[in-house]
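A.B. asks: Pasting in a structure now, in structure tokens, and then I'll have a few things to ask.
Rule-based calculations on the coordinates, nothing more; no lab input. Model, not experiment: these values are computed from the prediction. So basically every Cβ, Gly included, is an ideal-geometry build from the backbone, and we count neighbours across all protein chains shown.
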Amino acid sequence: MTTPALPIYLDHAATTPCDPRVVEAMLPYFTTLYGNPGSRNHSFGWDAEHGVDTAREQVAALIGADEKEVVFTSGATESNNIAIRGAALMYEKNPAGSGKPRGHIITCIIEHKAVLDPCKRLQKEGFEVTFLEPPADGIVTADMVKNAMRDDTILVSIMWANNEIGTINQIREIGKLCHERGVVFHTDGTQWVGKMPTNVEADNIDLMSFSGHKIYGPKGVGGLFVRRRKPRIRLTSIVDGGGQERGFRSGTLNVTGIVGLGKACEIAKAQMADDAARLGVLRKHLEDSVTAQLDHCQINGHREKRLPHLTNISFGFVEGESLMMAVKEIACSSGSACTSASLEPSYVLKSIGVGDELAHSSLRLSLGRQTTREQVDYTVNAVVKAVRKLRELSPLYDMHNEGIDLSKVQWAHH
Ligand code: PMP
């Protein structure tokens, strides 16, 4: 086996490299076409505006929207905030201070923080929020949403695909339900758009967030789809100023970023199906090879209803941080949020019933356009070797192999 160049990047759900064709499309907008698209009275402004218009068409074509329904933002975090806060404030049933709930929102406990936190803020401000808890497969169904609906439900926000386990929710059915009930439906499409076919009409979506840097575009740019007809969605603006982007997001447009996002969408539209098919085969190869060589591994989330390029595997009898250290040459994510002093296991894995130990010892491996079979084979070998070595040092693994039921062991407490 030839050794691929190290380190190997298998963290495409965190961010992707910028496609060279994207960079090429952006370059002139830094140096020669540098006008402000808001400048209506000279050619510099018109040229910049032309770049933005083209990008708007490219984005709209990818998601089956009208160009006028695309609002450019700084990324999915901002899009989520504009959508959730903007819709809640626009469609509230009772004013603040009336003593009655301002309105009811349905979301899900395994959403990204960029959805959970705006919802929690609204909760503090007098809205009521239901955080749905999906079962072990991680999937949010239309029935779960239906059972949570109330007369005063104003907004449903359910992500399309989960960023940690890749599971795909029943978006089209949830959208249909929301439309029948006259409830605004927002989806965080960050991990889905540009990877899988999206059509905001057929999928019954009112508001959808997405991001450039997850789809081989630049960082710091993204978009929000805002439906204009059947029904026309209105939002209370949370970023006020010059009134750009139909007043939904004031501020001089990030023209270079927007041009890059547009190009990334154009490429995604052409390449998405091939990428998904190829990466699905590689992902299966990765999972099959790891599970054939190691016992006590668990693939988290629904086995079929998930993104083709992502897997989340927990390894029993292995200490999470040691595993990460042992496979340092593989750039991936772990189930431990080790950014803070307290080592909290992933809230997503915990919510779908993965125990603390297994949540800590999980790896999220996300493949991308440049991932090769050699890289996957190298990764499989490295992970298998590391897990075996760590288990050799594990007294728990020894005890387990001797037939001792660890759940019945009386541990001495100090
Ligand atoms: N939502 C999801 C599901 C994500 O995966 C991410 C990025 N990790 C975000 C929102 C935030 O996106 P951005 O970095 O563009 O703000």
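A.B. asks: If r is the Cβ-Cβ distance from Asn41 to Met90 and R0 is 35 Å, what FRET efficiency results, to the nearest 0.05?
C.D. replies: The pair Asn41/Met90 has a calculated efficiency of 0.55.
A.B. asks: Treat each spin label as a single point 7 Å out from the Cα along the C-beta direction, and report the Met149 to Ser98 distance in nm.
C.D. replies: Using points 7 Å along Cα→Cβ, the separation is 2.1 nm.
A.B. asks: Let me test this: with uniform point scatterers at the alpha carbons of the chain, what is the Debye-based log₁₀ I(q)/I(0) at q = 0.08 1/Å?
C.D. replies: Debye output, listed in q order: -0.48.
A.B. asks: In the stretch 206-281, which trypsin sites (Lys or Arg not before Pro) are in a loop and have at most 11 other Cβ atoms within 10 Å, using DSSP for the loop call?
C.D. replies: Arg229, Arg232
A.B. asks: Helix-derived [θ] at 222 nm for the chain: sum -39500 (n - 2.57) over DSSP H runs of at least 4, divide by residue count, nearest 500?
C.D. replies: -12000 deg cm²/dmol
A.B. asks: Glu201 versus Lys385, label points 7 Å from Cα toward the beta carbon: distance in nm?
C.D. replies: 5.4 nm
A.B. asks: Return the FRET efficiency for the residue pair Leu393, Asp288: r is the Cβ-Cβ distance, R0 is 25 Å, and the value is rounded to the nearest 0.05.
C.D. replies: Rounded to the nearest 0.05, the efficiency is 0.40.
A.B. asks: Could I have the simple spin-label model distance between Arg303 and Lys68, label points 7 Å from Cα toward Cβ, reported in nm to one decimal?
C.D. replies: Taking the two extended label points, one gets 4.9 nm.
A.B. asks: Further, regarding this structure: Using a 10 Å cut-off around each Cβ, can you sort Ile139, Ile267 from fewest to most neighbouring Cβ atoms?
C.D. replies: Ile139, Ile267
A.B. asks: Something else now. When a footprinting reagent is the concern and you count Cβ atoms within 10 Å, what order do Tyr34, Tyr91 take, fewest first?
C.D. replies: Ascending Cβ contact count within 10 Å gives the list Tyr34, Tyr91.
A.B. asks: A further question follows. Report, to the nearest 10°, how far helix 255-293 tilts away from the longest principal axis of the Cα atoms in the chain, using its own Cα long axis and a range of 0 to 90°.
C.D. replies: That works out to roughly 20 degrees.
A.B. asks: To continue, here is another question. Check the straight Cα-Cα distances from Lys385 and name the lysines below 23 Å, setting aside those fewer than 8 residues away within the same chain.
C.D. replies: Output for Lys385: Lys284, Lys328.
A.B. asks: Neighbour counts of other C-beta atoms within 10 Å: give me Asp66, Asp275 arranged from fewest to most.
C.D. replies: Asp66, Asp275
A.B. asks: Lys and Arg at +1, Asp and Glu at -1: add these up for the other residues within a Cβ distance under 13 Å of Asp203 and post the number.
C.D. replies: Cβ neighbours under 13 Å give a net charge of 0.
A.B. asks: Ok, one more. Going 7 Å from the Cα of Glu125 in the Cα-to-Cβ direction, what parts of the stretch 201-241 have a backbone nitrogen less than 14 Å from that spot?
C.D. replies: 235-240
A.B. asks: Relative contact order for the chain using alpha-carbon pairs under 8 Å, separation at least 6, rounded to a whole percent?
C.D. replies: So the answer I get is 21 percent.
A.B. asks: I've got another one for you. Under 12 Å from the Cβ of Leu307, count the other residues' Cβ atoms, weight Lys and Arg +1, Asp and Glu -1, and hand me the total.
C.D. replies: That sum, taken over residues with Cβ under 12 Å, equals +3.
A.B. asks: Figure the gain on full extension for Leu27 and Ala14 (residue separation times 0.36 nm, minus the Cα-Cα span) and round it to one decimal in nm.
C.D. replies: Difference between extended and current length: 2.2 nm.
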